[in-house]
Structures are given as C-alpha cells and as structure tokens.
1. How big is segment 152-304 along each principal axis, measuring the range of its Cα positions in Å and listing the largest first?
2. For the chain, what is the calculated [θ] at 222 nm in deg cm²/dmol (nearest 500), taking -39500 (n - 2.57) for each run of four or more DSSP H residues and dividing by its residue count?
3. Loop sites only, by DSSP: take the chymotrypsin sites (Phe, Trp or Tyr not before Pro) in the chain that have at most 15 other C-beta atoms within 10 Å and name the longest stretch containing none of them.
4. As a test, work out the antiparallel percent of DSSP beta bridges whose residues both lie in the chain, rounded to the nearest 5.
5. Could you state how much accessible area His208 has, in square angstrom rounded to the nearest 10, with a 1.4 Å probe and all protein chains kept in place?
6. Take every DSSP beta bridge whose two residues both sit in segment 154-304, then give the antiparallel share in percent to the nearest 5.
7. Straight-line reach from Lys205: which lysines have a Cα under 19 Å away, not including same-chain ones fewer than 8 places off?
8. Enter the accessible area of Asp89 (Å², nearest 10), with the probe set to 1.4 Å and all protein chains included.
Amino acid sequence: MSILVIGSVAFDAIETPFGKTDKIIGGAATYISLVSSYFVKPVNLVAVVGGDFPKSDIELLQQHGVDTKGLQIKENEKSFFWSGKYHNDMNSRDTLVTELNVLGEFDPIIPDEYQDCDYLMLGNLAPQVQKTVIERLNKRPKLIVMDTMNFWMDTALGELKETLELVDVLCINDEEARQLSGEYSLLKAAREIRSMGPNFVIIKKGEHGALLFGEEDRVFFVPALPLEEVFDPTGAGDCFAGGFIGHIAKVGDTSFATMAEAVVKGSAMASFCVEKFGTEGVIHINQEDIQRRVEAFTNLVRLQ
Ligand code: AMP
C-alpha cells in the first residue's frame, strides 16, 4: 500500500523557552514521510529543495525508506525557510520568517512509478499546488488527507476552498478550524468544514489532544500523553499526519473505526516529536518504542 507525500522540505530556525536552533532540517513533508515510513514502505515523496539542501539529509530520508525520485533539486536556488518562536505555554507560536524561495514556483512533477498511489498525503503547502497534485494523478487515490495552516487562509483562501472540495480528510489545529469556519464551537466548526468537502475533519488541540469528526456528527477524542519533557512542538502536526495516514495505509481500510485507531497512532508519533528539537525525536525510534507509546495512550484512558 503506497503512500504519496507532498509538502515542504525545508530549513527551520526554531526558538522555544528551552533553546534556539540555527537552520535545521524541517518541513511538513520531511516529518510526514519520516514518520509514515515506520508504517509502510516505500513512502514516495514529491517536493522541491534548493542546491543549499544537504545531501546527507536526503540520504537520511532514503535510509528510512523514503523514495526521493520525486524530490526536485533546484541547484541555483534556495530551499524554503521558516522560522518560528514558541510562547511559554508551547501551545502557540509566532511565525517570524516565511521565505518561500523554491516553493514560490513549485511545479509538482509526479514520477510515473508514483502514479498508482492508494493514499495521498497533502502536507502543508500552497493549496493550488496541492490541487495540482490531485489533478495530475491518473486515478483518484483511496484516501486523500490534507493539512494546511493559517498562512494559506490569509493569503489563498479561495484556492484553499477549491482544494478542500477534493479531499477526504482535513487535519488542522483548533485555532485554524475556528478561522476557516468562523465558528468558535469546535463541533460547529467541524460541521461547517465538512460541508466544504472533506468527509472527516481532525482538529488538533496541542497538549489537549485531538478530535476526529465524521458522518452523522460522530466524534472520537484522544488526549495527548502527559510528557515530562516538551522541547519543541515543531512538526508535531506533521508527525500526527504521518502516523495517521501510515496506520490507515498499513491496515488498508478507511472506516471511522480505523481512522480512530489512526488518530491514536498519530498522537503517539507526535509525542515523540515534541520531546526533542526538530526531527531528532522521530529519527531514532523503533517499532518497540512505538508499540510502548501506543500502549501508554491506551492505558491513559482505560478504566483499570
Ligand atoms: P507543524 O509544527 O506541524 O505546523 O509544522 C511545522 C513545519 O511546517 C516546519 O518544519 C515548517 O518548515 C513548515 N512550514 C511552516 N510554514 C509553512 C508554509 N507556509 N508552507 C509549507 N510549510 C510550512
């Protein structure tokens, strides 16, 4: 069951109350593809970087089973750069810099070998590019999951709504769900967003867990695991998405029950991410670690 991931592959500079990084490897598609590679292989990546992107980081993706044939390298251009600063509560952040660079003109070319993908993960990226990827696939995947952020609601709302009509699942955070729907209640927000296209909506609430909404107002909730160390929430949403689509692709079923399990897997993967800076938290784990983390989630809500 192949997964096709598109999204940013980037340099990030992050500041949290616990420290600051120079430019490190980041980007939505980086986190998503690394994490989903723990569930299925290969994970096929369509993205773009500049000539400044280290070969060693591309090799890191490959070592995890990520196929990078679809990763374009624009030798004379610069990679996408994002910088963010987290507030003391670590739940909210300010974007300090967004330099689109190679992403500004990104034309997503899908290698022929990627055409028969069953599961498409549209990571955070210009909605027009996300839509182009759907249009360039010869057959519609079984499931299309989309992530987005307030940046695109502010700068490309019309295109975002057009893309939303084409997808099955939208993953966003609570603040973004409120902005997109104009509703404060998350129940109403999810209903409104579902009326825009996606059959399922996942609303992430940072350290307060995540909600899955489906047909007939069905709701499933997963808390976040209380952690001793939260160093850097960057990429948590993408790791959630990687675990979510990874589990669905592994099971090969898109029912509400499987999606609910996938929300638990996504939450477990996000919990690894926030414990370290950048991608560090998700590159050195193994299947046993994942299994133990998922059990910790189950134990958290089980009556003994
Ligand atoms: P998350 O913390 O899950 O929202 O994802 C953070 C990642 O999103 C970072 O690694 C950034 O490189 C990437 N990112 C931030 N802004 C954008 C944007 N406008 N388009 C695409 N990716 C972005």
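1. Reported extents, whole Å, longest axis first: 42, 32, 28.
2. -11000 deg cm²/dmol
3. 19-183
4. Approximately 35 percent, going by the DSSP bridge assignments.
5. 110 Å²
6. Once the DSSP bridges in segment 154-304 are tallied, antiparallel ones form about 60 percent.
7. The qualifying lysines are Lys85, Lys188, Lys265.
8. Here the accessible area works out near 90 Å².
The values are calculated or read from the model by the stated rules, or taken from the named source; none is laboratory data. Everything quoted here is computed from the prediction, not taken from an experiment. When we count neighbours, we look across all protein chains shown, and the Cβ atoms used for this are built from the backbone with ideal geometry, even at glycine. Protein only, heavy atoms only, side chains kept; ligands, DNA and RNA dropped before computing areas. Shrake-Rupley method; radii C 1.70, N 1.55, O 1.52, S 1.80 Å.
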